[in-house]
Amino acid sequence: MATAIAVDERVARTSTLTRVMKRPEVGALSAAIVIFVFFALTTDVFATGRGASTWLQQASTVGIMAVAVALLMIGGEFDLSAGAITGFTGLVVGVLTREYGVNIFAAILISLALALLIGAVNGVLVMKTGLPSFIVTLGTFFVLQGIDLAGTKALIGQVAIQGMSKVPYYDQAKTVFGSTPLTIDGGGIYVSVFWWLGVTAVATWVLLRTRAGNWIFAVGGAVTAARQVGVPVFRTKVGLFMTTAGAGWLVGMLLLFRTSTVQSNTGVGQEFIYIICAVVGGCLMTGGYGSAIGAALGALIYGMVNQGIVYAGWDNNWLKAFLGVMLLGAVLLNEWVRKRAETSR
């Protein structure tokens, strides 16, 4: 009598194609290659050092935030206040140094502490009240936007900080946040690009090589089950909100010291772009699945298209249409890839 032997799916042999397809960043990598080749062939400047300098700089600041937002989305949450934090932290440094004579490095640390506090408040409110993070952080967004506009105007009589280059020790801080340490073919590579690569590398290591990474996937995929097996859900989610806020601070510093000025509306409106980049990079809206590298590639796509449209001489308003199509396409592709990977052997 023949006996059927059940094969444990954990040790079942999987094809190379299936393993590749299971990687969330595959779609974004393919799209990035196609877009680079297209603009490199259709424009004269895009693939030069000067051209790459521009779209890499744009991609880097978006990419830092996209990676942090991706971690939060993998953990099952959203943060709509991330863009407002960028402007808020820059304004804090500007007001403290220009108006009150605070040492620039002390002002930078104070702004970091405030950003982390905002992230912690977001996380605690979400966890303690049970309200959707979309609602909580939307409220935080409006609070910060009001502070950026009305608060700054009440303190200094205007809504922008200029002339930061006159602040003592500005040049030393600029070396860390706003310099161009590398030049290739006449194009300066901003230090923000290296920050972007570092943030992406650290986030990838955390997700794939640490216990905290397992916790992030667990709380996003099945929070009740994660709590039952001992995952510190509260601490993990609050930490993710603080990470997003910290990334907002970093981008705020990069923008401030690159331009030596900050506006009250800096960062406002970028929140959905960060989410789009994370989704294009393979993050599911439902949480529990995604990639930091994928989010970085999503930001690269955004930077290349944003500048490539300019180099090609097209109407820049087409960027919004492209972002919408890219988001819908990424959601459909991610869902298809996920189902195919689950059913393929």
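Structure data summary
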| read-out | value |
| --- | --- |
| Using alpha-carbon coordinates, inclination of helix 318-343 to the longest axis of the chain, degrees | 30 |
| C-alpha long axis of helix 233-259 to longest principal axis of the chain, angle in ° | 40 |
| Three-way shape label, the range 295-335, alpha-carbon gyration tensor, a/c 1.5 | oblate |
| Angle between the chain longest axis and helix 211-221 axis [Cα atoms, degrees, rounded to 10] | 80 |
| Peptide ranges 152-161, 114-123 listed from the most packed, as the mean C-beta count within 10 angstrom indicates | 114-123, 152-161 |
| Distance between the range 126-159 and the range 179-238 - C-alpha centres, whole angstrom | 25 |
| Gyration tensor verdict on the range 18-102 (Cα atoms; rounded if a/c is under 1.5, prolate if a/b is larger than b/c, oblate otherwise) | oblate |
| Estimated 222 nm signal from helices in the chain, with DSSP H stretches of n ≥ 4 weighted -39500 (n - 2.57), rounded to 500 | -23000 deg cm²/dmol |
| Sequence ranges 215-226, 315-326, ranked by mean other-Cβ count within 10 angstrom, highest first | 215-226, 315-326 |
| Cα-based radius of gyration of the chain once divided by 2.2 N^0.38 Å, which approximates compact folds | 1.06 |
| Tensor-based shape of the range 131-207 (alpha-carbon gyration tensor, a/c under 1.5 rounded, otherwise prolate or oblate) | oblate |
| Area accessible to solvent at Lys128, 1.4 Å probe radius, in Å² | 150 |
| Qualifying chymotrypsin sites (Phe, Trp or Tyr not before Pro) in the range 94-148, DSSP loop, other Cβ atoms within 10 Å at most 14 | Tyr100 |
| Mean separation of Cα contacts under 8 Å, 6 or more apart, over the residue count of the chain: relative contact order % | 36 |
| Computed lengthening from Ile156 to Leu138, 0.36 nm per intervening residue step minus Cα-Cα distance | 3.8 nm |
| Cα-based equivalent ellipsoid of the range 59-162: semi-axis lengths in Å, sorted from largest, via gyration tensor | 26, 15, 12 |
| 5 angstrom amide H check on Phe78, placed H, neighbours 5+ away | Ser133, Phe134 |
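The values are calculated or read from the model by the stated rules, or taken from the named source; none is laboratory data. All figures in this text were calculated on a predicted structure; none of them were measured in a lab. As a convention, Cβ positions derive from the backbone with ideal geometry for all residues, glycine included, and neighbour counts pool all protein chains shown. Surface areas here come from the heavy atoms of the whole protein model, side chains and all, with no ligands, DNA or RNA. Shrake-Rupley method; radii C 1.70, N 1.55, O 1.52, S 1.80 Å.
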